[in-house]
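See structure below.
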Amino acid sequence: RTALNEGMDEQSVTTYFQGFVDEIVQEIAIMSSLKSHPNIVSYEDHCVLNHNGEIGWDILIRMELLMPLEEYLGNHKLSENDIIHMGENLCDALSFCQKKGMIHRDIKPENIFINETGQFKLGDFGVARTVEKTTGGLSKKGTESYMAPEVYLNQPYGSGVDIYSLGLVLYRFMNNNRLPFLPPLPQPITFADRENALSRRMKGEALPAPVNASKEFADIILKACAYKPEERYRTAADMLEDIHNLKPSSSQTAALMPDIPEV
């Protein structure tokens, strides 16, 4: 309706949104090419249905049944060993993507899932971003919190942006559910706090170590989150190797994800 009110006719509007449908189908094809990896959400098939007599489509994707990470965290507390396991699984997934020349560009908790055997899986290879464009919002909301500086600053970037974002995810989970530069628990978080934290991170201020991580794990996380791409892990496989070399933590039952929400 918005497009029609702006003066486009029905044929133009149909052609315009068909382009988004085609983009989503392309992203689905990417998911299909990655389905063989155990730490990437498995695509099964899809169907695109035209609405009869009106502008619109239903895009249906059939995938394996998984629990979103954030839903899982509502009933489970993660120890450092659990979060190390998450890091291993997601590094493995990113290493597979890098070998195929793919960059995810949107690593964040909302795009992480867990199966019934406790394996963490990476999902959403662009479909959500494409759908967001159809609303005209084009907002970075919810994504810039984990965005690498070079992406935020519109600079050239490579697969290191995924390593950075994964590092921030691990940072949050080892830092009482709070990203760098946010007020520590039990202080509340305001909008101004979030804006200030983002600004400090994008200016390259050194990140403090996550408060609940062991020294060895904190070093891995901070290297992944290095401001300069050349100071991060060169590949996800390199990061995975360092995580593999970590000694198991004795804090198996430590509650590292507190009940207090981030916001």
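Summary table
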quantity: Residue that is farthest from TYR164 (Cα to Cα), among those in region 56-111 that are within 19 Å of the chain's Cα centre (by Cα) and of a type in the set (Gly, Ala, Ser); calculated: GLY74
quantity: Per-region count, region 214-223, residues out of contact with any Ser or Thr (no Cβ under 9 Å at 6 or more places or on another chain) and either in contact (Cβ under 8 Å) with a residue 24 or more places away in the chain or polar (S, T, N, Q) (or both); calculated: 6
quantity: Members of region 1-11 that are surrounded by 13 or more Cβ atoms within 10 Å (Cβ to Cβ) and either outside any loop (DSSP other than H, G, I, E, B) or under 19 Å from the mean Cα position of the chain (by Cα) (or both); calculated: ALA3
quantity: Members of region 179-205 found to be surrounded by 13 or more Cβ atoms within 10 Å (Cβ to Cβ) and among the acidic types (Asp, Glu), listed by number; calculated: ASP193, GLU205
quantity: Any hit, region 135-149, residues being more than 27 Å from LEU66 (Cα to Cα) and either modelled with pLDDT of 95 or more or open to solvent by less than 20 Å² (accessible area, probe 1.4 Å) (or both); calculated: yes
quantity: Qualifying residue in region 57-67 (condition: open to solvent by 60 Å² or more (accessible area, probe 1.4 Å) and either within 14 Å of GLN119 (Cβ to Cβ) or aromatic (Phe, Trp, Tyr) (or both)); calculated: yes
quantity: Strands (runs of 3 or more DSSP E) contained in region 41-115 and holding at least 1 residues among the aromatic types (Phe, Trp, Tyr) and at pLDDT 95 or above; calculated: 112-114
quantity: First in region 35-59 and under 20 Å from GLU110 (Cβ atoms) and in contact (Cβ under 8 Å) with a residue 12 or more places away in the chain, second anywhere and part of a loop (DSSP other than H, G, I, E, B) and open to solvent by less than 20 Å² (accessible area, probe 1.4 Å), Cβ under 8 Å, 6 or more apart; calculated: ILE40/LEU34; ILE40/GLY123; VAL41/GLY123; TYR43/LEU34
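Each row is one residue, and each column tells you yes or no for (1) of a type outside the set (D, E, K, R); (2) in contact with a strand residue (DSSP E or B) (Cβ under 8 Å, 6 or more places away or on another chain); (3) in contact (Cβ under 8 Å) with a residue 60 or more places away in the chain.
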residue: SER145; (1), (2), (3): yes, no, no
residue: TYR157; (1), (2), (3): yes, no, yes
residue: GLY160; (1), (2), (3): yes, no, yes
residue: VAL169; (1), (2), (3): yes, yes, yes
residue: PHE173; (1), (2), (3): yes, no, yes
residue: ASN176; (1), (2), (3): yes, no, yes
residue: PRO180; (1), (2), (3): yes, no, no
residue: LEU185; (1), (2), (3): yes, no, yes
residue: THR190; (1), (2), (3): yes, no, no
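Every residue, every condition in (1) within 30 Å of GLY56 (Cα to Cα); (2) touching a Leu at 6+ places or on another chain (Cβ under 9 Å); (3) touching a residue at least 60 places away in the same chain (Cβ under 8 Å), yes or no:
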position: ASN75; (1), (2), (3): no, no, no
position: GLU80; (1), (2), (3): no, yes, yes
position: ILE84; (1), (2), (3): no, yes, yes
position: CYS91; (1), (2), (3): no, yes, yes
position: GLN98; (1), (2), (3): no, no, yes
position: GLY101; (1), (2), (3): no, no, no
position: PHE113; (1), (2), (3): yes, yes, yes
position: GLY118; (1), (2), (3): no, no, no
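The values are calculated or read from the model by the stated rules, or taken from the named source; none is laboratory data. Nothing here was measured: the structure is a model prediction, and the numbers come from that model. Neighbour counts are summed over all protein chains in view; Cβ atoms, including those assigned to glycine, are modelled from backbone coordinates with ideal geometry. The accessibility values were calculated without ligands, DNA or RNA, using every heavy atom of the protein model including side chains. Shrake-Rupley method; radii C 1.70, N 1.55, O 1.52, S 1.80 Å.
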